[in-house]
1. Accessible area, 1.4 Å probe, largest first: how do Met267, Met110 sort?
2. Non-local amide H neighbours of Lys447 (under 5 Å, H modeled in plane, Pro and chain starts lacking H): which ones?
3. Run the reach check for Lys448 against lysines, Cα to Cα strictly under 25 Å, same-chain hits fewer than 8 apart removed. What comes back?
4. Mind ranking Phe328, Phe426 by accessible surface for me, highest first, 1.4 Å probe?
5. Take the alpha-carbon centre of the range 230-287, take the same for the range 377-428, and report the distance between them in whole Å.
6. Could you list which residues have their amide H under 5 Å from that of Asn229, counting only those 5 or more apart in sequence or on another chain, with H placed in the peptide plane?
7. Select from the chain the helices, each a whole stretch of DSSP H, whose alpha-carbon atoms run 30 Å or more along the helix axis and whose Kyte-Doolittle mean is at least 0.0; answer none if there are none.
8. Considering only Asn190, Val238, Gln226, whose Cα is most displaced toward the positive end of the charge dipole of the range 134-259, charges sitting on Cβ of Lys, Arg (+1) and Asp, Glu (-1)?
Amino acid sequence: MNACATAILEEYPDIVFSYGFSDEYSFVFKKTSKFYQRRASKLLSLIVSFFSSVYVMKWKEYFPEKELKYPPSFHSRAIGCASKEVLQAYLAWRQNDCHLNNLHDTCLWMLIKGGESESEAQKLLKGTQKQHKNELLFQKFHINYKNLPAMYRQGSCIFKTEVEENVKYNENGTPVKRLRRKARIVHSENIAGKKFWNEHLSLLKEVGGFTEDVEKIKPEFVRSFQFENKLMPSTWIVIRIDGCHFHRFSEVHEFEKPNDKQALNLMNSCAVAVLEEIQDIIFTYGVSDEYSFVLKKDSQFYQRRASEIVSVTVSFFSSMYVMKWKEFFPQKELKYPPSFDGRVVCYPSSKILLDYLAWRQVDCHINNQYNTCFWMLVKKKGKSKSEAQHYLKGTQAQEKNELLIKEFGIDYNELEIMFRQGSLAFWQKEDKNMPHESKGSVQNSHKKVIVEHCDIIKPNFWEAHPSILDENLPIS
Ligand code: GTP
Ligand code: MG
């Protein structure tokens, strides 16, 4: 967790402080940050996506002997702290939770290791105060709580400090030093205290000093600043995720241009996994580096809270992408963690939902046709990228098709259907009596996810598959 948080601080320069314990981490952006115009959905999805990718990539470093059995996912939310004091109250609250949880869990596990059953141990601890727990640890198990590792008791802070580093050596062998900002992990008793905050120059500079200590932890006060957006009831919820800077990602990983079949198959495979994981998603449509997931109209997934829905989807997808990379690119190393951003939109009727999907499919078609012409001109005619761009400027669809036929003997409509129409994944009912392989075991299942490439703009497709939009599709 700390290594992933460090990677986040190195990736996003606007983050000035972070604090984490157990399975959670908080990242504080500087007050003046203009990152993605401060759009909450962008920030919380990118951070959670990058964190998830790094987690999977780093797993082997920390657990060389343990296999990562399934993709981890995290959910995230944004809190706008109205003042330094709110931030201070927030940090005090999180660190208090860290302390209370750790003290409780230390007692619980000592009791269990000492022979109590889990429920018995829970009962013994119910309602006990901090003092009582400290005494229990000391008297029964000879543990002085204060001597336990600081990371467990106090959590971890990460922030950047200036350190002097040798950047090179002069001809005469003397080192040339520079000041570099490096992320540093610190454990401290009271991270929201004046003393801690004011003795770190970089925190004083980036956030400002604290003038008072926190007297009383006020979780409700902090929660009142939480960005909480509940989506309108009885509407189709669409979560669209999109690869962040995939132009660069596809260059670095030498994806075939304009379409890399394996890269698209990897995206499809992750989308299928999301469908299988989040049961309220009824179908999903993807092209290039984006995927749209459609939740059933009456879904109560995370009580329709936008940030939770978008973050958990993007996080699971990102973890899966990294986990499955080797399966699709056995010869290629994943050079850096990919990240996806996510947003969520509600559509009030299936007609408008289908308009949305048509928009995405038209986009797929326009981009693919353009990119096919562009790369043929570059690859086969030796044009520079700007020449190819100039050549295609203002051309209509018909002209592009003619160019492909006349110059390159390519019938656009004969190109791979996945490139032209994108991919749709949805649940299909199966014959009840037909056993099939699922997650390694043979079982009778009522439905499975299939991937198709088809025209979703024409009504014929939807008429032929009425169950896709039927919110009451039974989930077995
Ligand atoms: P942001 O989404 O704004 O962060 O930028 P982006 O670089 O991801 O661009 P955008 O999402 O608009 O477009 C996706 C980009 O991914 C394309 O422009 C391509 O450069 C790249 N890409 C997606 N699929 C493929 C592929 O199959 N092959 C190759 N070579 N590139 C691809
Ligand atoms: Mg993108």
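1. I get Met110, Met267, largest accessible area first.
2. HN-HN under 5 Å from Lys447: Glu430.
3. Within the straight-line limit of under 25 Å, Lys448 reaches these lysines: Lys69, Lys261, Lys296, Lys297, Lys324, Lys326, Lys429, Lys432, Lys439, Lys458.
4. Numbers: Phe328 30, Phe426 0 Å².
Output order, biggest surface exposure first: Phe328, Phe426.
5. First find each Cα centre; the distance between them is then 22 Å.
6. Ala306, Ser307
7. Helices passing the filter in the chain: 40-62, 306-328.
8. So the residue furthest toward the plus end is Asn190.
The values are calculated or read from the model by the stated rules, or taken from the named source; none is laboratory data. No experiment lies behind these values; they were computed from the predicted model shown. For neighbour counting, all protein chains shown are included, and Cβ atoms are generated from backbone atoms with ideal geometry for every residue, glycine included. When the accessible area is computed, the model is the full protein with side chains, heavy atoms only, and any ligands, DNA or RNA have been set aside. Shrake-Rupley method; radii C 1.70, N 1.55, O 1.52, S 1.80 Å.
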